[in-house]
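The values are calculated or read from the model by the stated rules, or taken from the named source; none is laboratory data. In this text the structure is predicted, and so the values were computed from the model without any measurement. A quick note on method: Cβ atoms are made from the backbone with ideal geometry, for glycine too, and the neighbour counts reach across all protein chains shown. Calculation scope for accessible area: heavy atoms of the full protein, side chains included, ligands and nucleic acids excluded. Shrake-Rupley method; radii C 1.70, N 1.55, O 1.52, S 1.80 Å.
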Amino acid sequence: EIPVASLVDFLMARQTEGQLEQADSWAGLLSDALSERGKTIAALEVLLMQAGWAGADPKQLQRFKKAADDVLEPLHEKRKLIEHAGFDKNLAPAECLRRLLLLLTLKPDVLCHDKTWGFGVVRSVDIFYGRVDIDFDKKPGHQMSLAYAAEALQLLDDEHLLVRIHRDQAAMAKMAQDDAGQVVRMALQSFGPMNVAQLQELLSPRLVSADDWKRFWDAARKALKKDHLVEIPSKRTDPLRLLSKKKAYDREWFAALAQERDMASVLALVDELIESKTAIPDD
């Protein structure tokens, strides 16, 4: 068994250290070895890593298109998916490979999300005619081209909020009653930063009725104020964010404060600093 994760870490380290040519050559060997062993997705993921190093250079498109075609050669019909991955649209090679990997993952019962139609369940994929049929919340039985699906769809993992709701809505509705803060954390983890209005649009009426929204948000806000990894803005129109590390009132925070021009926001930030009882940097 090839230790793919360890080898990828090794190659990434070589690239970071400036040994790009060597890392690229070795990555090509790893992709070939994975392809020979039938590890198609892993081989393409290594190509995606290489394409990230290549940046947006259009001259590299044909190189990576051929490499992807070589990986998919044993799968015959799946090679047609390359036609829908955007290699002919002057996109960055990494974006084309991202789209190709998404298309290879599409199959019946896969769960996805589209900005226009919302949550969806894949019903069928027709590679020959280049189309996919999806039951979306807002449009059941919707058909889209594979090229558009590759560009627009987000495939959802088991921890995504919409997947959790789809599989057990009653349990998630109970969580909204008992642990509003955790539901908001899951929403931010799944969708990224969003303001209160966007949050309400997402959760109501899926989990929280319109009449119950104020109670839900008050409970969530109270819980999240104690969580150092959630940033709650002073203005409702600004987005809530999940932080990768505990918020600190350091030089970076003061630099952001210096750029703030809305007086209400300035006062709210200063009040926040005072309430935190944090020592101010000497300079």
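Quickly run through the range 159-181 and pick out the residues that are buried (at least 16 other Cβ atoms within 10 Å of the Cβ) and more than 27 Å from R221 (Cβ to Cβ).
none
Cβ-Cβ under 7 Å, sequence separation 6+ or interchain: first residue in the range 249-267 and free of Cβ contacts under 8 Å to residues at least 60 places away in the same chain, partner among the acidic types (D, E). Which pairs?
V266/E260
Can you pull out every residue in the range 85-97 that is surrounded by fewer than 21 Cβ atoms within 10 Å (Cβ to Cβ) and of a type outside the set (D, E)?
The answer is K89, N90, L91, A92, A94.
Report yes if some residue within the range 213-231 is surrounded by 16 or more Cβ atoms within 10 Å (Cβ to Cβ), more than 24 Å from G118 (Cα to Cα) and under 22 Å from the mean Cα position of the chain (by Cα); otherwise report no.
Looking through the range 213-231, at least one residue is surrounded by 16 or more Cβ atoms within 10 Å (Cβ to Cβ), more than 24 Å from G118 (Cα to Cα) and under 22 Å from the mean Cα position of the chain (by Cα).
Restricting to the range 23-42, count the residues that are part of a helix (DSSP H, G or I) and open to solvent by less than 80 Å² (accessible area, probe 1.4 Å).
Here the count works out to 13.
With (1) without any contact (Cβ under 8 Å) to a residue 24 or more places away in the chain; (2) under 27 Å from D88 (Cβ atoms) as the list, and V46 as the residue in question, which single condition is left unmet?
For V46, the failing item is (1).
How many residues does the range 104-158 hold that are open to solvent by 60 Å² or more (accessible area, probe 1.4 Å), under 16 Å from L202 (Cβ atoms) and either assigned to a helix (DSSP H, G or I) or out of contact with any Ser or Thr (no Cβ under 8 Å at 6 or more places or on another chain) (or both)?
5
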